[in-house]
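Here the structure is laid out as C-alpha coordinates; the discussion comes afterwards.
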Amino acid sequence: KFFILEPGYIGFEETIYLVKESVGKAEIKVLRINGADGRVTVRYRTKDIDAIATRDYERRIFSLKNKTNKDIFSISKTVDQELVFEHGEISKVIAIPIVNDLEAEKDESFAVELYKPTDGAQLGKHTKTVVTIINDDGTEN
(Lines give C-alpha, C1' and ligand atoms only; values in the text may rest on other atoms or scores of the structure.)
Protein backbone atom coordinates (compact mmCIF):
# COMPACT_ATOMS: atom_id res chain seq x y z
CA LYS A 1 0.00 0.00 0.00
CA PHE A 2 1.02 3.54 -0.68
CA PHE A 3 0.32 6.38 1.67
CA ILE A 4 -0.12 9.87 0.33
CA LEU A 5 1.30 12.48 2.66
CA GLU A 6 -0.72 15.66 3.04
CA PRO A 7 1.50 18.36 4.57
CA GLY A 8 -1.27 20.91 4.14
CA TYR A 9 -1.80 24.55 3.27
CA ILE A 10 -0.67 27.31 5.61
CA GLY A 11 -2.40 30.67 5.91
CA PHE A 12 -3.68 33.29 8.28
CA GLU A 13 -7.05 32.71 9.94
CA GLU A 14 -8.03 36.36 9.39
CA THR A 15 -6.92 39.03 6.91
CA ILE A 16 -7.41 41.89 9.40
CA TYR A 17 -6.54 42.07 13.09
CA LEU A 18 -7.37 44.97 15.41
CA VAL A 19 -5.40 45.32 18.62
CA LYS A 20 -5.51 47.99 21.31
CA GLU A 21 -2.13 49.59 21.89
CA SER A 22 -2.45 49.05 25.65
CA VAL A 23 -2.85 45.27 25.26
CA GLY A 24 0.88 44.90 24.60
CA LYS A 25 0.85 42.31 21.82
CA ALA A 26 -0.92 41.28 18.65
CA GLU A 27 -1.76 37.57 18.50
CA ILE A 28 -2.10 36.38 14.93
CA LYS A 29 -3.41 32.89 14.28
CA VAL A 30 -1.88 30.79 11.50
CA LEU A 31 -3.74 27.67 10.34
CA ARG A 32 -2.59 24.50 8.62
CA ILE A 33 -5.52 23.01 6.68
CA ASN A 34 -6.17 20.06 4.36
CA GLY A 35 -3.42 17.97 5.93
CA ALA A 36 -1.01 17.96 8.84
CA ASP A 37 1.45 15.23 7.88
CA GLY A 38 5.09 15.72 8.79
CA ARG A 39 7.04 18.63 10.15
CA VAL A 40 6.82 21.74 7.98
CA THR A 41 7.96 25.32 8.32
CA VAL A 42 6.93 28.65 6.88
CA ARG A 43 8.63 32.02 7.21
CA TYR A 44 6.84 35.20 8.22
CA ARG A 45 7.86 38.83 8.09
CA THR A 46 6.41 42.18 9.01
CA LYS A 47 6.20 45.19 6.73
CA ASP A 48 5.53 48.74 7.84
CA ILE A 49 2.44 50.44 6.45
CA ASP A 50 2.08 53.51 8.65
CA ALA A 51 3.13 51.80 11.87
CA ILE A 52 6.92 51.75 12.19
CA ALA A 53 8.84 48.74 13.47
CA THR A 54 10.36 49.40 16.91
CA ARG A 55 8.48 52.68 17.35
CA ASP A 56 4.99 51.14 17.23
CA TYR A 57 5.60 47.40 17.30
CA GLU A 58 8.44 45.00 18.03
CA ARG A 59 11.55 46.05 19.87
CA ARG A 60 14.43 48.37 19.11
CA ILE A 61 17.73 46.52 18.75
CA PHE A 62 19.99 49.44 19.57
CA SER A 63 19.61 53.16 20.00
CA LEU A 64 21.84 56.04 20.98
CA LYS A 65 20.09 58.98 22.63
CA ASN A 66 21.11 62.58 23.16
CA LYS A 67 20.74 64.59 26.40
CA THR A 68 17.04 65.21 25.78
CA ASN A 69 16.40 61.48 25.32
CA LYS A 70 15.84 61.79 21.55
CA ASP A 71 17.18 59.10 19.24
CA ILE A 72 20.23 60.28 17.35
CA PHE A 73 21.07 56.86 15.97
CA SER A 74 19.19 53.59 16.08
CA ILE A 75 19.25 50.18 14.52
CA SER A 76 15.87 48.59 14.18
CA LYS A 77 14.45 45.79 12.20
CA THR A 78 11.18 44.26 11.21
CA VAL A 79 10.46 40.66 12.11
CA ASP A 80 11.57 37.86 9.79
CA GLN A 81 11.29 34.48 11.47
CA GLU A 82 10.41 30.85 10.93
CA LEU A 83 7.24 29.20 12.22
CA VAL A 84 7.42 25.43 12.80
CA PHE A 85 4.44 23.07 12.58
CA GLU A 86 5.24 19.65 14.01
CA HIS A 87 3.48 16.54 12.67
CA GLY A 88 -0.23 16.83 13.44
CA GLU A 89 -0.16 20.51 14.46
CA ILE A 90 -2.87 22.56 12.79
CA SER A 91 -2.55 26.02 14.35
CA LYS A 92 0.05 28.40 15.71
CA VAL A 93 -0.07 31.90 17.13
CA ILE A 94 2.45 34.58 16.18
CA ALA A 95 2.76 37.09 19.04
CA ILE A 96 4.12 40.49 18.03
CA PRO A 97 4.83 42.98 20.82
CA ILE A 98 3.03 46.33 20.53
CA VAL A 99 4.79 49.40 21.93
CA ASN A 100 2.50 51.29 24.33
CA ASP A 101 3.98 54.77 24.08
CA LEU A 102 1.22 56.63 25.97
CA GLU A 103 1.00 59.22 23.17
CA ALA A 104 -2.28 60.28 21.59
CA GLU A 105 -1.85 59.36 17.92
CA LYS A 106 -3.77 58.01 14.95
CA ASP A 107 -4.43 54.31 14.55
CA GLU A 108 -1.54 52.71 12.64
CA SER A 109 -1.11 49.50 10.67
CA PHE A 110 1.53 47.01 9.63
CA ALA A 111 1.35 43.88 7.50
CA VAL A 112 2.47 40.35 8.25
CA GLU A 113 3.08 37.96 5.39
CA LEU A 114 3.84 34.27 5.07
CA TYR A 115 6.34 32.96 2.53
CA LYS A 116 8.69 30.08 1.77
CA PRO A 117 6.83 27.00 3.07
CA THR A 118 8.93 23.82 3.29
CA ASP A 119 8.62 20.04 3.08
CA GLY A 120 5.64 19.92 0.73
CA ALA A 121 3.46 22.45 2.52
CA GLN A 122 1.92 25.15 0.37
CA LEU A 123 0.69 28.64 1.05
CA GLY A 124 -3.05 28.84 1.59
CA LYS A 125 -5.60 31.47 0.67
CA HIS A 126 -4.63 34.17 3.20
CA THR A 127 -0.88 34.77 3.01
CA LYS A 128 -1.01 38.39 4.18
CA THR A 129 -2.78 40.03 7.10
CA VAL A 130 -2.94 43.64 8.26
CA VAL A 131 -2.68 44.47 11.95
CA THR A 132 -4.16 47.83 12.99
CA ILE A 133 -3.00 49.22 16.31
CA ILE A 134 -5.93 51.06 17.88
CA ASN A 135 -4.81 54.10 19.81
CA ASP A 136 -6.33 54.04 23.29
CA ASP A 137 -3.99 56.62 24.88
CA GLY A 138 -5.98 59.73 24.05
CA THR A 139 -8.53 61.18 21.74
CA GLU A 140 -6.71 61.81 18.43
CA ASN A 141 -8.17 59.90 15.49
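The values are calculated or read from the model by the stated rules, or taken from the named source; none is laboratory data. Computed from a prediction, not measured in an experiment: that's the story for all the values here. Note that we place each Cβ from the backbone using ideal geometry, even for glycine, and neighbour counts take in every protein chain shown. Protein only, heavy atoms only, side chains kept; ligands, DNA and RNA dropped before computing areas. Shrake-Rupley method; radii C 1.70, N 1.55, O 1.52, S 1.80 Å.
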Query raised in the report: With each pseudo-label sitting 7 Å past Cα toward Cβ, what's the Asp80-Glu14 distance in nm, one decimal?
Result: 2.8 nm
Requested in this report: Based on the mean of other Cβ atoms within 10 Å per residue, sort peptides 15-26, 79-90, 36-47 so the most packed one is first.
Outcome: 36-47, 15-26, 79-90
Query raised in the report: Modelled label-to-label distance, Glu113 and Ile90, 7 Å Cα→beta-carbon offset: nm?
Result: 2.9 nm
Report summary line: Carbon plus sulfur, as percent of the 1.4 Å-probe accessible area of the range 85-141, comes to 49 percent
Query - Loop trypsin sites (Lys or Arg not before Pro), the range 76-109 (other Cβ atoms within 10 Å of the site Cβ: 13 or fewer; DSSP) - result: Lys77, Lys106
**Report entry** Long pairs among Lys25/Lys128; Lys25/Lys116; Lys20/Lys125; Lys92/Lys116, criterion Cα-Cα beyond 20 Å
**Finding:** Lys25/Lys116; Lys20/Lys125
Report task. Could I have the simple spin-label model distance between Lys125 and Arg55, label points 7 Å from Cα toward Cβ, reported in nm to one decimal? Result -> 3.6 nm
